[in-house]
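The values are calculated or read from the model by the stated rules, or taken from the named source; none is laboratory data. None of the values given here were measured: they were computed from a predicted structure. So basically every Cβ, Gly included, is an ideal-geometry build from the backbone, and we count neighbours across all protein chains shown.
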Amino acid sequence: MSIYLYNTLTGRKEEFTPSEPGRVRMYVCGPTTYNYIHLGNARPLVVFDALRRYLEYRNYDVIYVQNFTDIDDKVINRAREEGVPALSIAERYIEEFFRDADALNVKRASLYPRVSQHIRDIIAAIEELMRRGFAYEAGGDVYFEVEKFPAYGRLSGRTPGEMRAGARVEVNTAKRNPLDFALWKAACPGEPAWDSPWGPGRPGWHIECSTMALKYLGTGFDIHGGGADLIFPHHENEIAQAEAQTGCPFARFWLHNGFITVNQEKMSKSKGNFFLVRDIASRFRPLAVRLFLLSTHYRSPIDFDDAGLLAAEKGLERLENTRRLLNEARCHLGGAGGSTASSEKGATLAGRVEELRREFTAALDDDFNTARALAALYDLAREINSYLAGTARPDAGVVKRAATVFEELGENVLGLFGRPQQQVDDALLEGLMDLILSIRQEARQRKDWATADAIRDRLKALGIILEDTPRGPRWKKS
RNA sequence: GGCGCGGUGGCGAAGUGGCUAACGCCGCGGUCUGCAAAACCGCUAUUCGCCGGUUCAAAUCCGGCCCGCGCCUCCA
């Protein structure tokens, strides 16, 4: 089965095959490092991380590059407010970025290039653009001349004419045309600056991405991703720069995730509904945030509200319970050992496991439909639960296979579980719980329900959930 | 003004010509349980914003209308 992805460049779903067999080169625009990341950053982070995981599941070698924009107006302003160097602001928020990304169970990219470390490459790119006649200097600034690049507007589906008609023309006499954009900005006093053939300054807003993408992935790489709001002008400009500079196609597939709203409104500082990942993570489990983000197709808009996050939290618990049940069943059945003769129920489950695995991948093959894939995963959970609950002696082989598939889809691909199951690494806790549970079991045998219930209630208050099962009690941290 | 997206049960969300409109959450009933929890079973949209049209057949195609939202300016 081949993978189909919607390509913004062509406006339709296309069969995806990497240009180099077995190897996918992808670039995703990363955050500007002037603050903790917000929900708008979280969506592409999670969506493209999941896509990357899926491609790996499909046996591709994925080179995943995500940049940090560590030099730009927002970083500089922040630095000025705090009276510290711009790069130390960036350093701080890059560290914090990883904290949030880890909480969301985002795998590390292959590479995180930073603008400030690629000034030379950027200058070389601009020089090449000037040599080829696509750029001009004006008072220490360098601009890209949009008119010289006829394909401008292909990605966003606008023509320069249309844009001129609607756009408010900014007052900037240095530009030959309002649509021209800065490749290099002359430094104002007190701003971080690098020497260049045009005097001290810093890179413009778009040149960093095209330069770093070309440097690490080469021309014609496979996937370029980001939020839909980057289509214009950011990605349009990246294409113009890169293709004007190299004369080769820049990226093959352009993927864009939809917007985020909060309580039906666009998230913005002025509306007072600007949420950081850690704001939400303090009220809901980060993995539930991840599940929530994957519950909607990546190209559709998604609205954050408490009800949705709560539902995701419950859904996540459901999947986690299945994972736990599976794990317990495996322990009871002992290690590797040969499987017992499979019962009819076992055979049925074994068949369903493969069927649902196929449904799961078919959904992701169809423009990465995670909502549909999740439906298959929930179906799988239900069938596994049903089998384990209704079978006195589960078939070891079937359980093992079900556990493997469940783990592959739920964790390896969707990244919903985070740390590996099983081991409670705290021997002391383990021992204390054994002690408490044996005391409680004695109480239960005496039919001293008051004591048994009190223990359960007090443990719950401490964050430990007790469940009595036919096989004895079990517990988990809440 | 230009370009674009969406309106599916109480909430969220799949489904783009034809099996009983997925899946999750919530709610209700039941099984299990000392009671719970977890789990399982059942119920919850004859109907997919509204009105027409095409078709043997439409949530799915066409036309019109209503409503909500976004981009065109830094933004994921």
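I need the full set of residues from segment A:456-478 which are within 10 Å of RNA strand B (Cβ to nearest atom) and not hydrophobic (A, V, I, L, M, F, W, C), in order please. Correct list: A:R456, A:D457, A:K460, A:E467, A:D468, A:T469, A:P470, A:P473, A:R474, A:K476, A:S478.
Within segment A:401-416, how many residues turn out to be within 19 Å of the chain's Cα centre (by Cα) and without any contact (Cβ under 8 Å) to a residue 40 or more places away in the chain? Even if it seems obvious, please write down each step before you answer.
Quick first cut of segment A:401-416, residues within 19 Å of the chain's Cα centre (by Cα) only: A:407-416.
If we keep only those that are without any contact (Cβ under 8 Å) to a residue 40 or more places away in the chain as well, we get A:411.
Of the residues in that region, 1 qualify.
Could you check, for segment A:127-135, whether at least one of its residues is basic (K, R) and more than 26 Å from A:D279 (Cβ to Cβ)? For segment A:127-135, residues basic (K, R) and more than 26 Å from A:D279 (Cβ to Cβ): present.
Residues checked against (1) buried (at least 18 other Cβ atoms within 10 Å of the Cβ); (2) among the charged types (D, E, K, R):
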site	(1), (2)
A:M212	yes, no
A:K215	no, yes
A:I239	yes, no
A:Q264	no, no
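Restricting attention to segment A:100-127, the residues being surrounded by fewer than 18 Cβ atoms within 10 Å (Cβ to Cβ), among the basic types (K, R) and touching a residue at least 40 places away in the same chain (Cβ under 8 Å) number 1.
In segment A:368-446, which helices (runs of 4 or more DSSP H) lie fully inside it and hold 2 or more residues that are basic (K, R) and not assigned by TED's automatic domain parsing to the domain that holds A:L349? Spell out the reasoning first.
On the way: elements: A:370-389, A:396-407, A:427-445.
Ranges flagged: A:427-445.
Please indicate, with yes or no, whether at least one residue in segment A:273-284 is within 19 Å of the chain's Cα centre (by Cα), basic (K, R) and either more than 6 Å from RNA strand B (Cβ to nearest atom) or at pLDDT 95 or above (or both). Looking through segment A:273-284, at least one residue is within 19 Å of the chain's Cα centre (by Cα), basic (K, R) and either more than 6 Å from RNA strand B (Cβ to nearest atom) or at pLDDT 95 or above (or both).
For segment A:38-51, indicate whether the set of residues that are touching a residue at least 24 places away in the same chain (Cβ under 8 Å) and in a loop (DSSP other than H, G, I, E, B) is non-empty. Checked against the condition, which is being touching a residue at least 24 places away in the same chain (Cβ under 8 Å) and in a loop (DSSP other than H, G, I, E, B), segment A:38-51 yields no hits at all. For first residues located in segment A:435-455 and more than 12 Å from RNA strand B (Cβ to nearest atom), partners that are in a helix (DSSP H, G or I) and lie 6+ apart or on another chain with Cβ distances below 8 Å form the pairs A:I436/A:I455; A:I436/A:L459; A:I439/A:I455.
So which residues in segment A:254-268 are in a loop (DSSP other than H, G, I, E, B), touching a strand residue (DSSP E or B) at 6+ places or on another chain (Cβ under 8 Å) and either small (G, A, S) or more than 6 Å from RNA strand B (Cβ to nearest atom) (or both)?
Let us first name the residues in segment A:254-268 that are in a loop (DSSP other than H, G, I, E, B), namely A:258-259, A:263-264, A:267-268.
Subset that is touching a strand residue (DSSP E or B) at 6+ places or on another chain (Cβ under 8 Å): A:258-259, A:263-264, A:267.
A:G258, A:N263, A:Q264 - these are the residues of segment A:254-268 that are in a loop (DSSP other than H, G, I, E, B), touching a strand residue (DSSP E or B) at 6+ places or on another chain (Cβ under 8 Å) and either small (G, A, S) or more than 6 Å from RNA strand B (Cβ to nearest atom) (or both).
A quick yes/no check of all residues on (1) hydrophobic (A, V, I, L, M, F, W, C); (2) closer than 13 Å to A:Y54 by Cβ; (3) loosely packed, with under 14 Cβ neighbours inside 10 Å:
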position	(1), (2), (3)
A:D366	no, yes, no
A:Y387	no, no, no
A:G397	no, no, no
A:E408	no, yes, no
A:A427	yes, no, yes
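Restricting attention to segment A:290-321, the residues that are within 17 Å of A:A373 (Cα to Cα) and crowded, with 16+ Cβ neighbours inside 10 Å add up to 15. A Cβ distance below 7 Å, combined with a sequence gap of six or more or placement on separate chains, defines the contacts here; from segment A:355-384, residues that are over 17 Å from A:E56 (Cα atoms) reach residues that are near RNA strand B (Cβ under 6 Å from one of its atoms) in the pairs A:L356/A:D379; A:A371/A:S295; A:A371/A:T296; A:A371/A:H297; A:L374/A:S295; A:A381/A:R318.
In the set (1) crowded, with 22+ Cβ neighbours inside 10 Å; (2) touching a helix residue (DSSP H, G or I) at 6+ places or on another chain (Cβ under 7 Å), A:L255 fails one condition alone, (2).
A quick yes/no check of all residues on (1) within 20 Å of A:D100 (Cβ to Cβ); (2) of a type in the set (G, A, S); (3) out of contact with any Phe, Trp or Tyr (no Cβ under 8 Å at 6 or more places or on another chain); (4) not in a helix (DSSP H, G or I):
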residue	(1), (2), (3), (4)
A:T211	no, no, yes, no
A:I223	no, no, no, yes
A:G226	yes, yes, yes, yes
A:F232	no, no, yes, no
A:E236	no, no, no, no
A:I239	no, no, no, no
A:A242	no, yes, no, no
A:R252	no, no, no, yes
A:F274	yes, no, yes, yes
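Can you find a residue in segment A:85-102 that is modelled with pLDDT under 95, more than 23 Å from the chain's Cα centre (by Cα), of a type outside the set (G, A, S) and part of a helix (DSSP H, G or I)? Within segment A:85-102, one or more residues are modelled with pLDDT under 95, more than 23 Å from the chain's Cα centre (by Cα), of a type outside the set (G, A, S) and part of a helix (DSSP H, G or I).
Could you please find all residues in segment A:186-209 being of a type in the set (D, E, K, R) and either assigned to a loop (DSSP other than H, G, I, E, B) or within 12 Å of RNA strand B (Cβ to nearest atom) (or both)? Residues satisfying the conditions are A:E191, A:D195, A:E208. Among the residues examined, A:T211 qualifies as closer than 25 Å to A:A86 by Cβ and β-branched (V, I, T).
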